[in-house]
Amino acid sequence: MSSSTASSTAIVNIATLITNDPSLGDGSPLGLVQDAALVIEGDRVVWTGESSKAPATDNRVDAEGRAVLPGFVDSHSHLVFAGDRTREFNARMSGRAYRAGGIRTTVAATRAASDEELEANLTRYLAEALRQGTTTMETKSGYGLTVADEARSLRIAARHTEEVTYLGAHVVPEEHADDPAGYVDLVTGEMLDACAPHAGWIDVFCEKGAFDGDQARAVLTAGRARGLRPRVHANQLSHGPGVQLAVELGAASADHCTHLTDADVDALAHGDTVATLLPGAEFSTRAEWPDARRLLDAGATVALSTDCNPGSSFTSSMPFCVALAVRDMRMTPDEAVWSATAGGAAALRRDDIGRLRPGAYADLIVLDAPSHVHLAYRPGVPLVTGVWRRGTRLH
């Protein structure tokens, strides 16, 4: 249906509307409008403003004094997998430190699974996230680590989400343990050839126990030459070259950013690489929290994401991550909500999501609360009472 003939819907009586456009609201980054309304036509937002000034529309929905904000943009997840790692989690909660090698457990289960099993898992977790307000979700391969398994993972993912990342360089699989250089050659050669048609992004786990700086550079450079845009798992478990490499290569995001030098912070603040923080990983591994305050005060752009995966962060809940960011990463509620919406969009180089302004997709959530602050104020409470995606009311 074209926009000229699409039916229009006004959502009125919104207590607090977050537009993430300062020019549309109170001048803050959230662009707050009180006692607001929003008009949807087709799959787009066409008007926002005070409820008393809402134009005539074909349909009208009463928000009954609730808050409305952009749908969450989860820019980092790993949803194509089989099995779980309950035993690992239970042992870790009993005192064992997290190490990158646990990924290989999921690799074995994923390789053994059928396409149907992998797709059922993926759609289950996408639906779970959608119910909690996530309207855009990036997801990665990385649990196949053979040419065939990585390619099928991406084919399956691309059927269900538009933000798909090739992560052949997740860890070196056991069969290549004695020849990591050979595995890098595979990732940048035959595997890349098979995977590039199904992905828009390329990622690498630049970390001790995974890939060093030179290997990560080779992976990202090869991917970029094939038209894949880079992003990096950077500085999660220790200090390392990941952040600097991400900024140098113009990566859209450096993800984790837990262990940063002053030079790393400065690079993120003066480049256009988004620092994506993943508090679910720290929660689930009892690791040191990223210092969001340090990044924000330096002027870096920060995103929040779930890192949903079966090993180190098995949550699909962006509201949970918002609450963790406020409580344990020194973010204000306003900053956390911006980072979970507009910040995630920036990490995906998108300006048509993560905002509620004319021309943006009508991806939005309604909270059973008068303010977005309740996401952190009432942690663990299922406050998302309505979800709209591309102008269609889903929940």
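Annotations
- Placing one equal scatterer on every Cα of segment 322-394 and applying the Debye formula, the log10 ratio I(q)/I(0) at q = 0.15, 0.27 Å⁻¹ is -0.55, -1.25.
- Rounded to the nearest 0.05, the FRET efficiency derived from the C-beta distance between GLU248 and SER23 at R0 = 30 Å is 0.35.
- Taking other residues whose beta carbon is less than 9 angstrom from the beta carbon of LEU167, and scoring Lys, Arg as +1 and Asp, Glu as -1, yields -1.
- Annotation: amide H-H contacts under 5 Å for ARG44 (H modelled 1.01 Å from N, sequence separation of 5 or more, or interchain): ALA362.
- Extension reserve of the ALA158-ARG393 stretch, reckoned as 0.36 nm per residue once the Cα distance is removed: 82.3 nm
- Taking 7 Å steps out from each Cα toward its Cβ at ARG111 and THR385 produces label points 5.0 nm apart.
- Summing +1 for each Lys or Arg and -1 for each Asp or Glu among the other residues whose beta-carbon sits under 12 angstrom from that of TRP338 gives -2.
- Between 0 and 90°, nearest 10: helix 318-328 axis offset from the chain longest Cα axis: 80 degrees
- Three-way shape label, segment 173-218, alpha-carbon gyration tensor, a/c 1.5: oblate
- On a per residue basis, the convex hull of the C-alpha atoms belonging to segment 223-298 measures out at 84 Å³.
- For the chain, the dipole from Cβ point charges (+1 on Lys and Arg, -1 on Asp and Glu) about the Cα centre works out to 660 debye, to the nearest 20.
- Whether segment 114-267 is rounded, prolate or oblate, judged on the alpha carbon gyration tensor where a/c under 1.5 counts as rounded: oblate
- Label point distance in nm, ALA120-ARG349, each placed 7 Å from Cα along Cα→Cβ: 3.7 nm
- Beta bridges per DSSP with both ends in the chain, % antiparallel, nearest 5: 45 percent
- Under 5 Å, built H, 5+ apart or other chain: amide partners of VAL274: SER253, ALA254
- For segment 256-305, the list of trypsin sites (Lys or Arg not before Pro) that fall in a loop by DSSP and count at most 16 other C-beta atoms within 10 angstrom reads ARG286.
- Note on the chain: Cα convex hull, mean projected area over all directions, 18.4 nm².
- For GLU116, the accessible surface of its heavy atoms amounts to roughly 130 Å² (probe 1.4 Å, protein chains only, rounded to the nearest 10).
- Here the simple spin-label model places points 7 Å from the Cα toward Cβ, and for ALA6 and ALA181 these points are separated by 5.4 nm.
- Other residues lying with their Cβ under 14 Å from the Cβ of GLY65 contribute a combined charge of -3, Lys and Arg counting +1, Asp and Glu -1.
- Seen through its C-alpha gyration tensor, with square-root eigenvalues sorted a ≥ b ≥ c, segment 83-139 comes out oblate because a/c lies at 1.5 or above while a/b is not bigger than b/c.
- Take the Kirkwood radius over Cα pairs of segment 250-395, plug it into Stokes-Einstein at 25 °C and 0.890 mPa s, and you get 157 µm²/s for translational diffusion.
- Linear extension gain, ASP328 paired with SER94, 0.36 nm per residue minus alpha-carbon span: 82.1 nm
The values are calculated or read from the model by the stated rules, or taken from the named source; none is laboratory data. Every value quoted in this text rests on a predicted model; they were computed, and no experiment measured them. Every residue, glycine among them, receives a Cβ derived from its backbone with ideal geometry; neighbour counts consider all protein chains shown. What goes into the accessible areas is simple: the full protein's heavy atoms, side chains included, and nothing from ligands, DNA or RNA. Shrake-Rupley method; radii C 1.70, N 1.55, O 1.52, S 1.80 Å.
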